[in-house]
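The values are calculated or read from the model by the stated rules, or taken from the named source; none is laboratory data. The shown structure was predicted, so the numbers you read here are calculated from the model rather than taken from an experiment. Here the Cβ positions follow ideal geometry from the backbone for every residue, glycine too, while neighbour counts run over all protein chains shown.
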Amino acid sequence: MGFAPKPPDGSRPVFPDYPSLELIKQIVNDIEKLQDAKSTASFLGIERGTLLILAKAGVLHVELKLDTKTPYYDSRKVSAFLAQLRRQCIQSDGSVGACSDPFSKVAARSQWGLGELLKLILSEKLPLHADNPKTAKFHEFRVSLPVVQKAMARQQDTFCNLSDAAESLAIDTKTVRALISSGFIDTVLRSPQETRQRWHIVSKKSVAKFNRKYISLKKLCFLRGESVQRVTQDLIQAKHSPLPLGPKTQRIFRRSDVLK
């Protein structure tokens, strides 16, 4: 909804002054455009479980949750999502879409989660197929597995595995996972059945960005040419604290603090 910014401490948003008439009208209009999960799933032609998958992947966004925890979606954004799929659609003539399959089947065969597959389809604007693109619902769209695989291959240079990220930052994989959990490093979410593909999850761009701002204790010792004990003692005396990543993780510091 966005009409009142949420305070960073998590408390309820408070208006600094009485809202204007225009703002009240905007709020009323936004509320009128909300629809519950059941209506949203029915409009898209999917099960509510599938809707939840799309929401968790960020393809669709929950705009409001009431005390009952019932999610509400903006009907305008839901319509825009379906319209985007239709725009990417090619009229099937019996041969054009012969090698295409429903999203769920392609997601299983490509070993990507359904939500991530949709994000790939939308970002890469991959061609879709449907018998009637103008009226097609979610379950009626199909996509070519070879086309999806080519798009995935183009992203190979964008991601790396946990071990590569750990080597780049001079830390262990446990600390990399802690950085991921804390939001310092971005990943591609994988579905539970895709554990064999866990090597393909870490964003190289976010690793490089993190490396420009932070440095591990191991790398700092190497740059200074000093022992871990000596560098640790200096950092304690200077009152420089590592990132709070939890127990049994390796220490990482801000470069601006420890490199002058």
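The rows are residues; the columns are (1) farther than 17 Å from A178 by Cα; (2) out of contact with any Phe, Trp or Tyr (no Cβ under 9 Å at 6 or more places or on another chain); (3) not charged (D, E, K, R).
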| site | (1), (2), (3) |
| --- | --- |
| F210 | no, no, yes |
| F222 | yes, yes, yes |
| E226 | yes, yes, no |
| V231 | yes, yes, yes |
| L235 | yes, no, yes |
| S241 | no, no, yes |
| P247 | no, yes, yes |
| F253 | no, no, yes |
| V258 | yes, yes, yes |
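Run down K134, K125, K150 and say which single residue is at positive phi and exposed (fewer than 14 other Cβ atoms within 10 Å of the Cβ).
Values: K134 fails: at positive phi; K150 fails: at positive phi.
After ruling out the rest, the residue left standing is K125.
Does at least one position in region 82-96 carry a residue that is under 30 Å from A153 (Cα atoms), basic (K, R) and part of a helix (DSSP H, G or I)?
Taking region 82-96 as the starting set, the residues that turn out to be under 30 Å from A153 (Cα atoms) are 82-96.
Still in the running and basic (K, R): 86-87.
Still in the list and also part of a helix (DSSP H, G or I): 86-87.
Yes, region 82-96 contains at least one residue that is under 30 Å from A153 (Cα atoms), basic (K, R) and part of a helix (DSSP H, G or I).
Would a scan of region 192-202 turn up a residue that is under 30 Å from G246 (Cβ atoms) and at pLDDT 90 or above?
No: region 192-202 contains no residue that is under 30 Å from G246 (Cβ atoms) and at pLDDT 90 or above.
If L145 satisfies every condition in (1) of a type in the set (A, V, I, L, M, F, W, C); (2) in the same structural domain as Q250 (by TED's automatic domain parsing); (3) touching a Lys or Arg at 6+ places or on another chain (Cβ under 7 Å) but one, which is the exception?
Result: L145 fails condition (2) only.
Please count how many residues of region 29-57 are at pLDDT below 85 and either within 21 Å of T135 (Cα to Cα) or exposed (fewer than 13 other Cβ atoms within 10 Å of the Cβ) (or both).
Going through region 29-57 one residue at a time, the tally reaches 3.
Going through region 210-244 one residue at a time, which ones are in a loop (DSSP other than H, G, I, E, B), within 35 Å of the chain's Cα centre (by Cα) and surrounded by 11 or more Cβ atoms within 10 Å (Cβ to Cβ)?
H240, S241, P242, L243, listed by residue number.
Return the pair list, or none, for Cβ contacts closer than 7 Å from residues in region 216-241 that are over 17 Å from R255 (Cβ atoms) to residues that are basic (K, R), at least 6 apart or on different chains.
none
For E63, all conditions in the list (1) outside the structural domain of A37 (by TED's automatic domain parsing); (2) at pLDDT below 90 hold save one; what is the number of the exception?
Just one mismatch for E63, condition (1).
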